[in-house]
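The values are calculated or read from the model by the stated rules, or taken from the named source; none is laboratory data. Computed from a predicted model, the values in this text were never measured in an experiment. Cβ coordinates were reconstructed from backbone atoms using ideal geometry, including for glycine residues, and neighbour counts include every protein chain displayed. Surface accessibility is based on the protein's heavy atoms, side chains included, excluding ligands, DNA and RNA. Shrake-Rupley method; radii C 1.70, N 1.55, O 1.52, S 1.80 Å.
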Amino acid sequence: MPEREYLAGEFFLSGDDACAEGAISAGCRFFAGYPITPATEIAERMSERLPEVGGNYIQMEDELGSMAAVLGASWAGTKAMTATSGPGFSLMMENIGLGIMTETPCVVVNIQRGGPSTGLPTLTGQGDMMQARWGSHGPYSIIALSPSSPQELYDLTIRAFNLSEKYRLPVLVMSEAATGHMYEKVVIPPSGEIELLARRKPTVPPEAYLPFAPDTDLVPPMANAGEGYRLHVTGLTHDERGYPAMTVEAQDRLVRRLVDKIERNKADIIALEEDGTGDAEVVICSYGVSARVSQIAVERARGEGIRVGLLRLITVWPFPDDRVRELARQVKAFVVPEINYGQIALEVERCACGLAKVVLVPHMGGRVHAPELILEAVRQAAR
Amino acid sequence: MKKHPLDDYLRVARMPHIWCPGCGLGLVVNCFLRGLLRSQLNLDKVVIVSGIGCTGRAAGYINLDSFHTTHGRAVPFATGLKVANPELEVVVISGDGDLVAIGGNHLIHAARRNTDLTVLCVNNFVYGMTGGQMGPTTPLTARTTTSRGGSVDRPFNIPHLAAASGAAYVARWTTAHVRRLEKAVTEALLKKGFSLVEIVSPCPTYYGRMNKQVTGLDQMKYFRDNSVIKSGIDPKGVGIEVNGPIVVGKFIDRG
């Protein structure tokens with residue numbers, strides 16, 4: 001075993017570096033990428049670490065190619081990932097769609113920066129949250145996780161790999177420059193203590209194998225290329241053999257399953273963190289670095305006697321509809337701080353169904369919110 | 001019904017295929033399979049990757065591990081397969097529009113890296129699947145559905161592009177050169193490094209019909225009568241002009 005195969009212990013790491021270590025701990029052995037601020041450090045660390053653990057780093061000509069290579073590597077039987085930021089994320093949408101359609105496990109990390117377009121390359125943003133949900137064409141469901149610290153970039157990168165292998169799709173880690181470039185203590189547990197999920201393999205011989213026939217959880221077992229199964233995998237609408245099927249019925253069957261395998265397993269996928277929501281009259285609903293800033297506002301508001309809670313979305317997609325609906329019956333208002341002009345706030349509004357007010361605290365990007373902004377919104381909402 | 005000798009390597013359940021009468025893609029698949037069998041490679045380790053277009057459908061008819069990916073991205077997808085598992089013998093079969101226009105950047109970079117891939121680039125001079133529009137290889141002045149008055153853009157010379165980008169093996173044959181094409185497939189498969197075989201192929205439905213070669217047979221006769229074998233020459237000069245000679249041969253075979 002190479003000396004640096006697995007790092008366990010306490011480290012002072014940036015979020016980007018922690019993300020790379022999370023990938024290594026998760027068993028990721030392939031990274032294809034293209035340099036982009038503020039995600040480059042992930043590629044740099046992977047280029048150094050992967051050869052130490054018997055993996056491969058390849059620098060592609062663009063993000064279109066990076067995403068395609070990640071899918072190819074996954075079908076070769078390797079846990080594979082890429083990392084990027086807004087402009088590259090836009091280019092990856094094409095093959096994220098192919099990953100959804102062909103049910104290819106892999107992880108895509110987006111260290112968000114200010115946008116649109118080239119925007120603020122070195123400064124933070126959370127403007128890609130809806131793109132994460134809907135950015136590739138056609139109807140589908142996605143899984144996206146939102147870490148609030150370097151430690152969580154480590155932890156959630158591992159979880160992203162587990163979810164991608166379990167549900168067979170690209171899983172998105174939606175972080176932002178503020179967290180990716182933040183240095184903090186990161187604890188890497190001993191290797192045996194991390195739960196890792198492996199790809200479910202077919203249990204039948206090749207001649208009896210239907211590559212897209214699902215198990216009861218709607219996820220089909222997956223054979224890799226080179227294992228003798230003679231797979232056909234296509235981005236066209238296909239039947240359970242994987243063969244193109246250009247019919248309304250095949251489309252209905254496939255698309256429903258691709259969506260339902262996520263929606264029906266929400267209880268397993270969704271992770272939330274709640275603080276003081278039990279008797280809250282106002283709940284701040286936030287994610288990523290914005291949830292962290294919100295914590296300061298929560299403490300100050302409580303000091304002023306306001307019953308305020310924090311609902312932190314660790315899983316952003318699929319959206320926790322049920323919990324937000326429940327809270328909407330209890331609270332006067334939701335306050336939603338995010339570094340964009342209102343994206344997740346729209347989801348909260350949808351689920352609140354007019355039962356509670358939804359107050360967006362937008363920030364156009366480049367910096368995190370001043371806690372006072374959020375505090376003031378909480379005060380107004382509590383009135 | 002009598003079995004075709006290559007039925008074992010085809011997904012017969014998917015026949016009839018979608019290709020038009022007179023199309024050259026049947027010949028391409030035939031030559032590929034014969035060249036593959038001659039290479040003696042372990043077929044469980046051979047993977048076919050296609051992009052989008054008429055040629056892109058080849059992956060779906062060949063009974064090997066096969067991936068029909070997105071438009072232009074067959075080469076980087078294949079790169080991921082090969083890098084992650086070097087035991088795989090990864091073959092890209094796709095069209096000129098897919099590989100040289102929308103996927104052109106990936107093609108030259110894979111050649112630059114000299115990634116151990118085999119690329120069969122089927123060139124019919126147009127975008128067939130969408131109805132015969134001009135593409136990156138349409139000869140100057142050739143008529144297509146988006147160049148009714150004749151194409152005004154200079155085409156790519158594919159062997160020159162691949163060779164200049166660093167490919168280890170570069171050849172061009174037409175569908176009228178089945179034995180030589182079959183041999184080139186074997187050589188390309190066994191070549192360590194990036195191999196590209198351009199296969200000039202008829203599209204009577206669109207290209208032929210609009211350029212005075214109305215049937216597939218007309219195009220095949222044109223290939224037969226106008227091809228000049230010049231193996232070993234610098235591919236710089238092998239660009240194709242409308243209804244002009246087609247220089248074929250093995251141009252690059254680096255040790």
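Considering only the range A:9-193, what is the antiparallel percent among its DSSP beta bridges, to the nearest 5?
On the way: 8 of 28 bridges.
Just about 30 percent of them are antiparallel.
Taking 40 Å² as the minimum loss, tell me which residues in the range B:1-46 lose that much accessible area going from the chain by itself to the full protein complex (1.4 Å probe).
Residues meeting the cut-off: B:ARG11, B:ARG14, B:ASP44.
Over the range B:20-253, average the accessible area per residue using a 1.4 Å probe and give it in Å², no decimals. Show your work: numbers first, answer last.
Numbers: 8100 Å² over 234 residues.
On a per-residue basis, the range B:20-253 sits at 35 Å².
Distance check, please: which entries in B:LYS45/B:LYS82; B:LYS192/B:LYS250; A:LYS79/A:LYS266; A:LYS166/A:LYS261 exceed 21 angstrom between their Cα atoms? Write out the running numbers ahead of the final one.
Values: B:LYS45/B:LYS82 11 Å; B:LYS192/B:LYS250 16 Å; A:LYS79/A:LYS266 23 Å; A:LYS166/A:LYS261 10 Å.
Violating the 21 Å limit, Cα to Cα: A:LYS79/A:LYS266.
Using the Kyte-Doolittle scale, which helices in chain A average at least -0.5 and also have C-alpha atoms spread 20 Å or more along the helix axis, with helices defined as whole DSSP H runs?
Numbers: long enough: A:86-101 (23 Å, 0.88); A:150-167 (25 Å, -0.62); A:248-263 (22 Å, -0.53); A:288-303 (24 Å, -0.02).
Those that clear 20 Å and a mean of -0.5 are A:86-101, A:288-303.
Rounding to the nearest 20 debye, state how big the charge dipole of chain A is about its Cα centre with +1 on each Lys and Arg Cβ and -1 on each Asp and Glu Cβ. Spell out each step's value before the answer.
On the way: 36 positive and 49 negative charges, 159 e Å.
Once rounded to the nearest 20, the dipole reads 760 debye.
Taking only protein heavy atoms and a 1.4 Å probe, what accessible area per residue, in Å², does the range A:119-215 have with all protein chains in place? Could you put the intermediate results ahead of the total?
Values: 3640 Å² over 97 residues.
So the range A:119-215 comes to 37 Å² accessible per residue, rounded to a whole number.
Name the residues of the range A:24-52 whose accessible area, probed at 1.4 Å, falls by at least 30 Å² once all protein chains are in place instead of their chain on its own?
Correct list: A:PHE30.
In whole Å, how far is the Cα centre of the range A:76-100 from that of the range A:284-322?
First find each Cα centre; the distance between them is then 30 Å.
Using a basic spin-label model with each label point 7 Å from the Cα along Cα→Cβ, how many nm lie between B:LYS221 and B:GLU241?
2.3
Which residue, A:GLU304, A:GLU44, A:GLU165, has the most motion in a Gaussian network model of chain A that connects Cα atoms within less than 10 Å?
A:GLU304
Need one number: buried accessible surface between chains A and B, 1.4 Å probe, both sides summed, DNA, RNA and ligands left out, in Å² to 100.
Details: alone 15290 and 11260 Å², together 23710 Å².
So the buried area, both faces added, is about 2800 Å².
Cα centroid distance between the range B:189-253 and the range A:198-240, in Å?
39
Taking only the alpha-carbon positions of the range A:272-382 and ignoring solvent, what does the Debye formula give for the base-10 log of I(q)/I(0) at q = 0.14, 0.16, 0.19 Å⁻¹?
-0.45, -0.59, -0.86
Report, to one decimal in Å, the Kirkwood hydrodynamic radius for chain A based on all distinct Cα pairs. All intermediate terms of the calculation are to be shown ahead of the outcome.
Working: mean 1/r = 0.0470 Å⁻¹.
Result for chain A, one decimal place: 21.3 Å.
Treating only the Cα positions of the range A:287-337 as identical point scatterers, give the base-10 log of I(q)/I(0) from the Debye formula at each q in 0.22 Å⁻¹.
Values, matching the q order: -0.91.
Starting at 0 and stepping by 5 Å, how many percent of the alpha carbon pairs of the range B:94-144 end up in each bin?
5, 21, 27, 21, 13, 9, 4, 1
In whole Å, largest first, what are the principal axis extents of the Cα atoms in the range A:99-179?
Each principal axis gives a Cα extent; for the range A:99-179 these are 34, 31, 13 Å.
Using the heavy atoms of the protein chains and a 1.4 angstrom probe, tell me the accessible area per residue for the range A:272-382 in square angstrom. Mind dumping the intermediate values first?
Values: 4310 Å² over 111 residues.
In whole numbers, the range A:272-382 has 39 Å² accessible per residue.
Kindly sort B:ILE233, A:ILE262 by accessible area of their heavy atoms, largest first, with the probe set to 1.4 Å. Kindly include the intermediate steps, with their values, before the conclusion.
Numbers: B:ILE233 60, A:ILE262 0 Å².
The ranking, largest first, comes out as B:ILE233, A:ILE262.
Using a 1.4 angstrom probe on heavy atoms only, work out the carbon and sulfur share of the accessible area of chain A in %.
On the way: 7410 of 13870 Å².
Roughly 53 percent of what the probe reaches on chain A is carbon or sulfur.
From the protein chains alone at 1.4 Å, what is the descending order of accessible area for B:ARG180, A:ARG264, B:ARG73, largest first?
Details: B:ARG180 120, A:ARG264 165, B:ARG73 15 Å².
Largest accessible area first, the list is A:ARG264, B:ARG180, B:ARG73.
Please average, across the residues of A:74-84, the number of beta carbons from any other chain that are within 10 Å of each residue's own beta carbon, and give a whole number. Don't skip to the end; give the middle numbers.
Details: counts 3, 10, 11, 4, 5, 1, 3, 0, 0, 0, 0.
For this peptide, the per-residue mean of nearby foreign Cβ atoms is 3.
Taking 25 °C and 0.890 mPa s as the conditions, I'd like the Stokes-Einstein D for the range A:7-152 in µm²/s, using the Kirkwood hydrodynamic radius from alpha carbon pairs. Mind showing how you got there, number by number?
On the way: Rh = 15.3 Å.
For the chosen part, D equals 160 µm²/s.
May I ask you to give the percent of accessible area on chain B that is carbon plus sulfur, with a probe radius of 1.4 Å?
55
Amide H to amide H under 5 Å from A:VAL361: which residues, 5+ apart in sequence or cross-chain, H placed 1.01 Å off N in plane?
Result for A:VAL361 returns A:VAL336, A:GLU338.
For the range B:66-204, take the convex hull of the Cα atoms, compute a quarter of its surface area, and give me that in nm², please. Please list the in-between numbers first.
Working: hull surface 32.4 nm².
That works out to 8.1 nm², a quarter of the Cα hull's surface.
I'd like the per residue volume of the convex hull spanned by the Cα atoms of the range B:20-253, given in cubic angstrom.
Working: hull volume 23.1 nm³, N = 234.
Convex hull of Cα atoms, per residue: 99 Å³.
Compute log10 of I(q)/I(0) for the range B:172-255 with the Debye formula, placing one identical point scatterer on every Cα and leaving out solvent, at q = 0.19, 0.24 Å⁻¹, to two decimals.
-0.85, -1.17
Which parts of the range B:77-102, residue by residue, lose 30 Å² or more of accessible area when the rest of the protein chains are there, as against the chain isolated (1.4 Å probe)?
B:PHE77, B:GLY80, B:LEU81, B:VAL83, B:ALA84
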